[in-house]
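The values are calculated or read from the model by the stated rules, or taken from the named source; none is laboratory data. Everything numeric here is computed off the predicted structure, so don't read it as measured data. Backbone-built Cβ (ideal geometry, glycine too); neighbour counts: all protein chains shown. Heavy atoms of the whole protein, side chains included, go into the accessibility calculation; ligands, DNA and RNA do not. Shrake-Rupley method; radii C 1.70, N 1.55, O 1.52, S 1.80 Å.
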Amino acid sequence: MKGDGEESPRRLFDAGLEHLRGLFGEGWTVEAAPGYQQDATDWYADRVIEIRSTDLGHTTRYVVDLKSSLTPRTVNTELLSKLHLVRQVNSFTSLMVMAPWISPKTQDLLRTHGISYLDLTRNVWIRADRPAIFIYTEGQMRAPRSASPSSPAVTLSGSKAERLVRILADVRPPYRASDLAEATGLSLAYVSRLLGALEDQLLIQRNGRTIHTVNWQGLLRARAEHSHLLNLNPYSGFIAPNGIDYLLNQLHNAFASRHLIAITGSYAAREVAPLSVGGQLMIYIRPDHFSDELVDHLGLLEVKQQADVLFLDAHDPVVFWQSRTIDGLRHVALSQLALDCLSGPGRLPAEGEAVLERMAADEQWRNLDIHTIKDWKSA
């Protein structure tokens, strides 16, 4: 017997019809088309609904595809071919998909292809030419618990996911899950599960078991949505009484021969894509290298608010991987910089988008071979 959180095809279709009737209101009828009363327990049986303007006498039909869940990959592999068939059969019939919940990325893809949709959290997009119909409402942006699978979903949260995202972004394919597991030190089972989720979201593409395409920009944005720079990395705030330039000079003198820090955030972003001035100086440091002696040497004053310098305890060694040296100081890799900015506070996300734009203009930074990565932890 289904649990309370699971939708049956009948419940989904009936709830969808009822919501449509509420959206159209008086002067319209929304009904299941006569002769299309398929098995209500079958997810694979298409339904047909008719939307009629009682004033104009015009009717439009929708073939309704019910989905217990929906991903961008499903749109490409299943719905586009059905849309083509529906349009060939009858130019006045369109395709609509109903699901318990539809993610924003999937909604964007459906709208791009002109596929109407409705979910039970009130995300709706319906368009027709005759009669003229256009309805667009926004519901929940995140999946409600009732629409989530019973087993824990694989997500882009956490340090393990960041390792895999960084490798996928920085290393050009082709490669396989086993190559990625060896390079990151993650289990093959975890890597395989996460790659499956990324493939459903069209963030990677595979031929058989071999990854041949990575949507690295979409991947970095997706990871940033599941992360927050200052929550992921515990930090301490300081004021630099002698100014940031003096502090940078002190950092250069203290760490010229040792790789203990890496600059990220606005100061690092300006070296790639100048967008603004000012902002906090954010510095990753290995937790075991942070000390009161270091603070005194740099002439910093610790504060709880209005800090102009943040030392971030690196949540994982991957933040130092593929770092760059600029003016004698270590900066994080471009992909790490984009992640940090996109998931940071204030104006950092806008700076992250500017960094992504520069990265896309010249992809020489993606010049690694998966088989040459011996130990990223030693970065």
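Here the range 45-66 is the region considered, the condition is being buried (at least 22 other Cβ atoms within 10 Å of the Cβ) and in contact with a Ser or Thr (Cβ under 7 Å, 6 or more places away or on another chain), and the residue that is farthest from ASP119 (Cα to Cα) is ILE51. Here the condition is being in contact (Cβ under 8 Å) with a residue 12 or more places away in the chain, in contact with a strand residue (DSSP E or B) (Cβ under 6 Å, 6 or more places away or on another chain) and open to solvent by less than 30 Å² (accessible area, probe 1.4 Å); of ALA128, ALA183, ALA177, it holds for ALA128 alone. Looking across GLU293, GLU357, one residue alone is open to solvent by 10 Å² or more (accessible area, probe 1.4 Å) and without any contact (Cβ under 8 Å) to a residue 12 or more places away in the chain. It is GLU293.
Counting only residues that are in a helix (DSSP H, G or I), exposed (fewer than 15 other Cβ atoms within 10 Å of the Cβ) and more than 26 Å from the chain's Cα centre (by Cα), the range 82-105 holds 5 of them. Count of the range 221-234 residues, restricted to those that are more than 12 Å from PRO349 (Cβ to Cβ) and surrounded by fewer than 17 Cβ atoms within 10 Å (Cβ to Cβ), is 4.
Within the range 278-309, the set of residues being under 19 Å from ASN253 (Cα atoms) and either in a helix (DSSP H, G or I) or basic (Lys, Arg) (or both) comprises ARG286, HIS289, ASP292, GLU293, LEU294, VAL295, ASP296, HIS297, LEU298.
Which of the residues belonging to the range 223-243 are closer than 17 Å to ILE285 by Cα and part of a helix (DSSP H, G or I)? Selection gives LEU229, LEU230, ASN231, LEU232. Remark: pairs (first residue in the range 4-23, open to solvent by 20 Å² or more (accessible area, probe 1.4 Å); second residue modelled with pLDDT under 90 and assigned to a helix (DSSP H, G or I); Cβ separation under 7 Å; 6+ apart in sequence or on different chains) = GLY5/ARG145; GLY5/SER146.
The residues of the range 201-220 that are in a helix (DSSP H, G or I) and open to solvent by 50 Å² or more (accessible area, probe 1.4 Å) amount to a single one, GLN217.
Only a single item in (1) in contact with an Asp or Glu (Cβ under 7 Å, 6 or more places away or on another chain); (2) free of Cβ contacts under 8 Å to residues at least 24 places away in the same chain is not met by PRO274, and it is number (1).
State which residue is nearest to the chain's Cα centre (by Cα) when the search covers only the range 106-133 and only residues that are more than 20 Å from GLU18 (Cβ to Cβ) and among the small types (Gly, Ala, Ser).
That would be GLY114.
Output the residues belonging to the range 341-372 that are among the basic types (Lys, Arg) and over 27 Å from ALA183 (Cα atoms). ARG347, the sole residue that qualifies. Among the residues in the range 56-65, are any part of a strand (DSSP E or B) and among the aromatic types (Phe, Trp, Tyr)? The answer is yes; a qualifying residue exists.
Looking at this structure, is GLY344 surrounded by 19 or more Cβ atoms within 10 Å (Cβ to Cβ), of a type outside the set (S, T, N, Q) and in a helix (DSSP H, G or I)? Judged against the criteria, GLY344 is not a match.
Among the residues making up the range 106-125, those that are assigned to a helix (DSSP H, G or I) and open to solvent by less than 20 Å² (accessible area, probe 1.4 Å) are THR106, GLN107, LEU110.
Residues in the range 237-270 that are at pLDDT 85 or above, open to solvent by 30 Å² or more (accessible area, probe 1.4 Å) and under 32 Å from the mean Cα position of the chain (by Cα) were compared, and the one that is nearest to GLY299 (Cα to Cα) is TYR267.
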